[in-house]
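The values are calculated or read from the model by the stated rules, or taken from the named source; none is laboratory data. What you see is a predicted model; the values in this text were computed from it and never measured. In this analysis, Cβ positions are derived from the backbone assuming ideal geometry, glycine residues included, and neighbour counts consider all displayed protein chains.
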Amino acid sequence: MKRESAAFLILSAILLIGFNVFGQDGVQIKPLSGEINFDGKVEEPAWKLSTEFPLTMHFPVFNNLPTEKNEVYITFDDEYLWVGAILHYEDISDIVSTSKKRDEESENSDSFGILLDTYDDNENALGFFTMPSGLKIDYSVSNDGQGGGPGGGSINYTWDSFWDIKTVTTPNAWHVEMRIPFSSLRFQSANDITEMGLIINRKISHVNEIDTWPAIDTKYGRDANLRPSLGKTIVFEGIESRNPVYISPYLLGGTSKNYELNEAGNEYVSTSDPEFTGGLDVKYNLNNNLTLDFTVNTDFAQVEADDEQVNLTRYSLFFPEKRLFFQERSGIFSYELGGPQDLFYSRNIGIANREPVDILGGVRLVGRLGKWDVGFLNMNTTKFNGNPAENFGVARLRKQVINENSYVGGMVTSRVDFEGNYNVAYGLDGIFKITDVDYATIKLAQSQDNSIDSEMLSLDPTFFSFELQRRAEEGFLYGGKYAYWGKDFIPASGFIFINNIHEVRSTLGYGWFPGENSTIFKYSIENDFEMTKRILDGKIEQMEVALQFKMDLKSGIGMFISYQYNKEGLIHDFYLPNNIVVIADDYSYWNLRTRFNTPRTKKVVADFSIDGGGFYDGKQFSVEFEPEFNLSSSVQLSATYKLDKVNFPDQNQSFTNNIARIKATYMLNTKLSMSSFIQYNEIDNILLTNFRLRYTPRDGNNLYLVLNDLRNADKAGTTPELPAFINRTILLKYTHTFRL
């Protein structure tokens, strides 16, 4: 274990470099003066004595006056952060409310909420939002809302907190009252002063408008109104967290029936697996800055099934993280290597080949120590299908340096099984803000595995990257990246699908915002170049040159067209569905990709895409259609249909695959919802049905009823005859949270 010790010492030594951080002025929040009757109606005199925040139009015309009048107030007392809003309408019939479900991501409803960057680090934030129906939407933002991070996205809706919301609709407005306990927030105080970053958002659906505080220029790109770095500092004096302990035991009961082929291979036999178990989660706020979580016999039975995919590449498919335990402030554990690839991928813990693996338990610590962001996680899994039990560990440190948007940090991950095998990965990284919109990122990482003979000072187990990026969508656009992936760089706790390569990426383009009098919101022309070369022989592994056109209208219509030239270099044959073989060789071809979406603010929304052209030495054609029907605040329907056709005329080989998904959601109120999810995959010949009922009488108390049915879609002509279904499961789970 000398290598791991040396790695930890090197990492610790480098991370102990100190930098000065520049401060910034903030808006002082007035303490509560008087009483508030928490009934959803903002009418008490105390609101008028609070700090008021004027909103400015963000979209569709930056810096215009809002179409509708807004009154937004923030105050605080010893226990709560209070937010009040009166959101006016000239005609109240224009109000749009299309959901009652917790964490509904509906984009066609009116909404109001705040993002709190509780450490004022310009990188992470917590979102607290609602709609006229009074539902709760809370989520975490990482990586400054720029994508990446665990799960492949920077916004995690599975993060839930303890807070209260009430709404009331009057003849000319809807009112919002939020109270957020300081015990639900992690923050840092100095000399009794606490600084947080703040962004306020109001969406007015009938005019497709977003208003914000502070004023946020749309030139910073899509979802700029959700970027913590574009918020403004607010200042509190004399707030403290109560640091409660949350104990959440759960009970789970149910049964599962499976059909498997017998040893003789001539018949499918059924097995039943009744289950009755329980577990425990404990959350302890050590202080205002640090949260410690313990979990025992961790269970994720209520998590929705993954979307079915068809793989037309020679690389592994990525599936996002959906489990709540791994979501809270998950951005601290991100060490992005490129695309979805990361030094740490939480789905390695408790999931193998998309099947659940029992988690005995674990511990997680997240928060801040001084000026350091801290993350630590350690978990143990049981034996699975002949594989030994394993321990997973990850430790992360990051520090704000130079300015409010620059960081240096490091990460160490480990994966050790109970038969003596181990894999350790470690890395240093830095992100530096150069100008208002220009950033540089540097990363250096290595992995060490006891089954691979590689030296620490060698490039073989090493990853290195340098990237320049302009985070804006107006004017000159650019991005450039170089990355080196050594042949022995294999972080077993992470997700990578390629190594032993050089990687070069670049983007050059120009973006326009035509202005107030145009129906076009923005459009751009870009040229993207991506190339990976094998270190082994210096030849191209993959190359893509794409000329792209993007346009968004103020109505919400969007379109994207890309014409691409591709080169593929295969040193090994690889297989597609239906046992089609792509022979090892060098290939070049052209193809066209198009995307189109209707306005997200309408009751009926649709995304449509068509891809076609060359595919190695054949042809490929794909169509995907995704409609959504927001029928009311209680009923929603959505569907996905994807067709893939691949044809290799010279080999007289082809395949066609259809994937279909239908999801229906019924919401009786903000506490009870039911959803049904049906998926069909033609290539795998499966039909998957999932039904989930969730009842949440209050935060922390959840009752789930889950039914899963996996069956063969077509049994005709099979020998031995396929059973009616492969797996059928029914589970009932209840979690109750006690606050001490």
Residues in segment 725-737: is at least one within 30 Å of G265 (Cβ to Cβ) and either of a type in the set (S, T, Y) or in contact with a Pro (Cβ under 9 Å, 6 or more places away or on another chain) (or both)?
yes
Has segment 674-690 got at least one residue that is surrounded by fewer than 17 Cβ atoms within 10 Å (Cβ to Cβ), at pLDDT 90 or above and closer than 18 Å to E104 by Cβ?
yes
Considering only segment 385-411, state which residues are buried (at least 22 other Cβ atoms within 10 Å of the Cβ) and among the aliphatic types (A, V, I, L, M).
V394, M411
Collect the residues in segment 344-367 that are buried (at least 18 other Cβ atoms within 10 Å of the Cβ) and either at pLDDT below 75 or within 16 Å of the chain's Cα centre (by Cα) (or both), keeping them in residue-number order.
F344, Y345, S346, R347
Need the failing condition index for Y422 against (1) closer than 22 Å to N143 by Cα; (2) in contact (Cβ under 8 Å) with a residue 24 or more places away in the chain; (3) surrounded by fewer than 21 Cβ atoms within 10 Å (Cβ to Cβ), just the number.
(1)
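May I ask you to list the residues in segment 213-249 that are in a loop (DSSP other than H, G, I, E, B), under 26 Å from S106 (Cα atoms) and either in contact with a Phe, Trp or Tyr (Cβ under 8 Å, 6 or more places away or on another chain) or of a type in the set (A, V, I, L, M, F, W, C) (or both)?
Listed by number, the residues that qualify are A215, I216, D217, R227.
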May I ask you to say which residue of L135, L65 is without any contact (Cβ under 8 Å) to a residue 12 or more places away in the chain, assigned to a loop (DSSP other than H, G, I, E, B), over 30 Å from Q188 (Cβ atoms) and of a type in the set (A, V, I, L, M)?
L65
Selection within segment 699-733 - assigned to a strand (DSSP E or B) and under 30 Å from D164 (Cα atoms)
N701, N702, L703, Y704, L705, V706, L731, L732, K733
Contact list, first residue from segment 326-340 and part of a loop (DSSP other than H, G, I, E, B), second anywhere and surrounded by fewer than 22 Cβ atoms within 10 Å (Cβ to Cβ) and at pLDDT below 75, beta-carbon distance below 7 Å, six or more apart or interchain, is Q327/T158; S334/G148; P340/G152
How about segment 85-105: which of its residues are among the small types (G, A, S) and surrounded by fewer than 23 Cβ atoms within 10 Å (Cβ to Cβ)?
S93, S97
Please enumerate the residues belonging to segment 68-115 that are part of a helix (DSSP H, G or I) and either closer than 24 Å to N156 by Cβ or touching a residue at least 40 places away in the same chain (Cβ under 8 Å) (or both).
I92, D94
Going through S518, S506, S562 one at a time, which residue ends up being within 28 Å of K433 (Cβ to Cβ), surrounded by fewer than 19 Cβ atoms within 10 Å (Cβ to Cβ) and not aliphatic (A, V, I, L, M)?
S506
Options F319, F333: the member that is closer than 30 Å to V646 by Cα and not small (G, A, S)
F319
From the residues in segment 273-302 that are part of a strand (DSSP E or B) and under 19 Å from L705 (Cβ atoms), which one is modelled with the lowest pLDDT?
D273
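Residue-wise test of (1) modelled with pLDDT of 95 or more; (2) part of a strand (DSSP E or B); (3) among the aliphatic types (A, V, I, L, M).
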| residue | (1), (2), (3) |
| --- | --- |
| I165 | yes, yes, yes |
| M178 | yes, yes, yes |
| S183 | no, no, no |
| F187 | no, no, no |
| M196 | yes, yes, yes |
| N201 | yes, yes, no |
| D211 | yes, yes, no |
Identify all residues within segment 513-525 that are closer than 15 Å to G558 by Cβ and in a strand (DSSP E or B); write none if there are none.
I520, F521, K522, Y523, S524
Quick one: what pairs do we get from segment 375-391, first residue hydroxyl-bearing (S, T, Y), second outside any loop (DSSP other than H, G, I, E, B), C-beta under 7 Å, 6+ apart or different chains?
T381/I359; T381/L360; T381/E390; T382/L360
Specify which of the listed residues (D449, D453, D436, D460) is touching a Ser or Thr at 6+ places or on another chain (Cβ under 6 Å), modelled with pLDDT under 95 and not assigned by TED's automatic domain parsing to the domain that holds N64.
D460
Residue set T696, T670; condition closer than 23 Å to S106 by Cβ and in contact with a Gly (Cβ under 6 Å, 6 or more places away or on another chain); output residue T670
In the set Y482, Y510, the lone residue that is within 25 Å of I535 (Cβ to Cβ), at pLDDT 95 or above and part of a strand (DSSP E or B) is Y482
Whether any residue in segment 611-624 is in contact with a Ser or Thr (Cβ under 8 Å, 6 or more places away or on another chain), among the polar types (S, T, N, Q) and closer than 30 Å to K136 by Cα is what I want to check.
no
Which count do you get for residues in segment 494-531 that are more than 30 Å from R347 (Cβ to Cβ) and not β-branched (V, I, T)?
19
Restricting segment 186-227 to residues that are over 21 Å from the mean Cα position of the chain (by Cα) and of a type in the set (D, E), the residue that is surrounded by the fewest Cβ atoms within 10 Å (Cβ to Cβ):
D192
Picked from segment 457-479 (must be in contact (Cβ under 8 Å) with a residue 12 or more places away in the chain and not in a strand (DSSP E or B)), the residue nearest to the chain's Cα centre (by Cα) is R471
Filter segment 232-290 down to the residues that are under 30 Å from I74 (Cα atoms) and among the small types (G, A, S), then identify the one that is surrounded by the most Cβ atoms within 10 Å (Cβ to Cβ).
S241
